[in-house]
Structures are given as structure tokens and as C-alpha cells.
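All remarks here apply to the structure that follows.
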């Protein structure tokens, strides 16, 4: 892509919804395809016209060698171009930051250093940071394979992975993303079963905060690596949450709202205190019993639902290009009130609570409900067939999870 005589190409790693949403943003804004490296091609990347895809089956086994070959291929294909690389998954962020010495000066990598990224991605370390900057979080215990079940853990409890990348590896063994337990006896039994199934990484045990889907929110921030200014803090209230065993916690339908002052100020304090740069994706939950937002985790990358930002007026590709290449502010971005969704209207009408149904229907009537998959620039018969398969699978998984 050539804008004002500066040629650039977007690059991502990982064939997931986050990568697809990023590629769509670049295509919408600049009409350019995104270079993609992945180990296997799956939906929603499969049969998409938005990518130039390189498949390397050794990506997860020899990531340094795979990256080395890929970087050389991209540099040969795009001599004189600046490259903007935005990995889409936790493992691919780790691959890039662990091998940052392979990238030349013409590569823009809008992330903090590996040490800080590892710190914020670790839930216990993240909660320690929250403590220092005054952010609330649920009561939490962490323990290893040989540690005793904490004696003071009582009541309804949740078992989670300490780091998201551990879940990505564990899912192949049938380990769930989240275990919700009605009491400590059930939680201890679930923990024992997890260990017997061979998962020995450290885990998080956390008090369960009673909530509806609409008490959950996703907040995305962007702090510039160039001038260290916080350019964006965007708030989305979850209307429908995935509650299936393997995908629990994924946001299916999101309503954009004005960010609460205490949330925006708290996130800004955290980013500045840790000198964190790039995109950050926070999951938060409202504790009705205490009247306060609690922070659950920080994903040090764009979230899978990042098309919410583009749809509401904050095109993520434009944010990156304006900042990294031209050092522009965000004065020409116009925010809209929208709903983002990856499920069909039938499921939305079934699961959105009565308090928000009128809002959803009004935005639908005014054409302000957006799906990352619904894009005329990437339409084909094969894509339509893939979409039918996706919605059929999604419906079964979501109904089962309820």
C-alpha cells in the first residue's frame, strides 16, 4: 500500500477471528491484502480474499526457523516497504517477541517488550499490578500441581488457566477453558480431575461473581509506542456471552457504550505506570453486591472481537498506520453507537435480556448492527457455505452451553 509515498504491508500470524477482523480493517481502509502466516488454514480465514496466506506446518514446532524463513520471504516480496506486524493470538505474540532480533528496522512491532507482555498476561502478576494502581479484582488463589487446595476458598468458585496460552495447548487434551463450581468440594474434585488428565501448569482459583451477561464488558485501549499517549479506551458491554465448556468467556454480542470514568482512569494509570504500549484487551465484570467493576484479565493484543472497534468508527488499521507511520492524532475518527455480533438474529433475540432488547432492535433497524463476517468485499459462494456451517455449529454450541 502506498499512502503519501510511504509503502507498507500488514502482516499477521494465526488464522482466527482476530486476524480476519484486522485484515478486514486494512482492506476497508486501504484496499490492501494482509500477509498471513499460519500452521493450518481454518474458518474464518479459509477461502477469504483478504489474505495472502503462507502455511508452515512447523510453525508451532520450530517457530524461530519458521519466522526466519517467513521474514526473508516477506522482505524479498516487498522491498522498500514498511511492514506492520500484528500477531493475533497469544502464542504468535510470544513467537514474535521471543525472536524480535530477527526483524529489521523496516518492521513495526506495536507491542511492549516480552518481559512486560508475559507479566500482564499472567493473571496473578496482573492482579499484583491492579493492586498497585487501585483496580479492583476478584479474590484469587494460584497454585501449582503439588500445592494443597486453599483452606480459605469457600462458596461458588471458578477455576481458570493462569495464562491464556496454556489453555490453547490444553484444549487439545479436552481441558476446559473455565470450570464453574457451586462450592469448594466440587472445585477440589474438578481440580483433582484436571491434574489426573495430565494438566500440571499453575491454575487460578477465583471467587465467582454472580452476574448476567450484561454485567460483563470488554475494554480495548491503545497507547502509542511513538509518543506514549493513550489514544483510545473503548468500552463494550457484552449482551450475549458464550457459556459453552470449551469457549466460555468469548463475547458473542457487544453493545458499545461510553466508558465509565473510573474504568478509563484506572486503565490509563495502569498503562502509564507499566509503560505499556500497543493494544490491550481487558475483560471486566460488574460486582452488583459491591457496586464496582472488577478486572479479570488483560490480553496483551487486539482481542478476537476487535472488529467492534472498526465498526464503531475506530478502524484499527488506520489507528496503526496513522500512529506508526505518520504520528497523527485521532482527531478525524468519528465514534458511533453500534452492536457487534457473531451470531444470528434468532440467537440474539433469544438470549439478549429484556433490558437491552429494545436497544438492540432499534440499532438493527437503523443498520447499526455489524458482523465481522458480513463483508461485500469478501463475498463468494464458498464463503457463504462456510458461513452456513459456522452458524450451524455456533447455534449448537451456544444452546448446549445454556
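For the pair the range 350-371 / the range 215-233, the C-alpha centres are spaced 26 Å from each other. In whole percents, the pair-distance distribution calculated for the range 320-402 from its alpha-carbon pairs, binned every 10 Å from zero, is 13, 33, 31, 18, 5. Mean sequence separation of contacting Cα pairs (under 8 Å, at least six apart), scaled by the length of the chain, corresponds to a relative contact order of 16 percent.
In angstrom, the C-alpha Rg and Dmax of the range 67-106 are 10.4, 29.
With the convex hull built on the Cα atoms of the range 66-148, state its orientation-averaged projected area in nm². Kindly include the intermediate steps, with their values, before the conclusion.
Details: hull surface 32.1 nm².
If you wrap the Cα atoms of the range 66-148 in a convex hull and average its projections, you get 8.0 nm².
In the distance distribution for the range 217-311, Cα-Cα pairs more than 24 Å apart total 19 percent. Taking the longest Cα principal axis of the chain as reference, the axis of helix 123-133 is set at about 90 degrees.
Based on every Cα atom in the range 264-343, Rg and the maximum pairwise Cα distance Dmax equal 14.7, 47 Å.
The range 139-207 gives an Rg/Rh value of 0.92, both radii derived from C-alpha positions and Rh following Kirkwood.
Of all DSSP-defined beta bridges confined to the chain, some 75% are antiparallel rather than parallel.
When the square roots of the Cα gyration tensor eigenvalues are ordered a ≥ b ≥ c, the ratio a/c for the range 108-156 is 1.5 or more and a/b does not exceed b/c, which makes its shape oblate. Label zone of residue 114 (point 7 Å out along Cα→Cβ, amide N under 19 Å): in the range 25-59 this covers 59. Just check the range 213-401 against the gyration tensor rule for me: Cα atoms, a ≥ b ≥ c as the square roots of the eigenvalues, rounded for a/c under 1.5, and otherwise prolate or oblate depending on whether a/b exceeds b/c. Verdict is oblate for the range 213-401.
When you have a sec, figure out the Kirkwood radius of the range 1-53 from all distinct Cα pair distances and drop it here in Å to one decimal?
The answer is 11.2 Å.
A simple spin-label model places pseudo-atoms 7 Å from Cα toward Cβ; at residue 208 and residue 128 they are separated by 2.9 nm. Going from the fewest other Cβ atoms within 10 Å to the most, the residues 41, 342 appear in the order 41, 342. If you take the Cα centroid of the range 278-345 and the Cα centroid of the range 13-35, the two points sit 16 Å apart.
With each run of n ≥ 4 DSSP H residues scored as -39500 (n - 2.57), what mean residue ellipticity at 222 nm is computed for the chain after dividing by its residue count and rounding to the nearest 500 deg cm²/dmol? Don't skip to the answer; put the middle values down first.
On the way: 13 runs with 145 residues, N = 402.
Counting only the DSSP helices, I get -11000 deg cm²/dmol.
Applying Stokes-Einstein at 10 °C and 1.306 mPa s to the Kirkwood radius of the range 207-253, computed over alpha-carbon pairs, gives a translational diffusion coefficient of 126 µm² s⁻¹. Straightening the chain between residue 326 and residue 272 buys 17.2 nm, computed as 0.36 nm per residue apart minus the Cα-Cα spacing. Annotation for residue 136 and residue 358: the two label points, set 7 Å from Cα along the Cα-Cβ direction, are 2.8 nm apart. The Kirkwood hydrodynamic radius of the chain, based on inverse pair distances between different Cα atoms, is 22.0 Å.
Taking the number of Cβ atoms within 10 Å of each Cβ as an exposure proxy, the fewest-first ranking of 48, 244 is 244, 48.
Quick one: if the Förster radius is 56 Å, what FRET efficiency do residue 380 and residue 227 give, using the C-beta to C-beta distance and rounding to 0.05?
On the way: r = 41 Å, r/R0 = 0.74.
For residue 380 and residue 227, the calculated efficiency is 0.85.
The Rg/Rh ratio for the range 1-122, using Cα coordinates for both the radius of gyration and the Kirkwood hydrodynamic radius, is 0.94.
Order of 7, 123, 83 from fewest to most other C-beta atoms within 10 Å?
On the way: 7 13, 123 23, 83 19.
Lowest to highest Cβ neighbour count: 7, 83, 123.
No value in this document is a laboratory result; all are computed from the given coordinates. What you see is a predicted model, and the numbers here were worked out from it, not measured in a lab. Ideal geometry is used to build each Cβ from the backbone, glycine not excepted, and the neighbour counts take in all protein chains shown.
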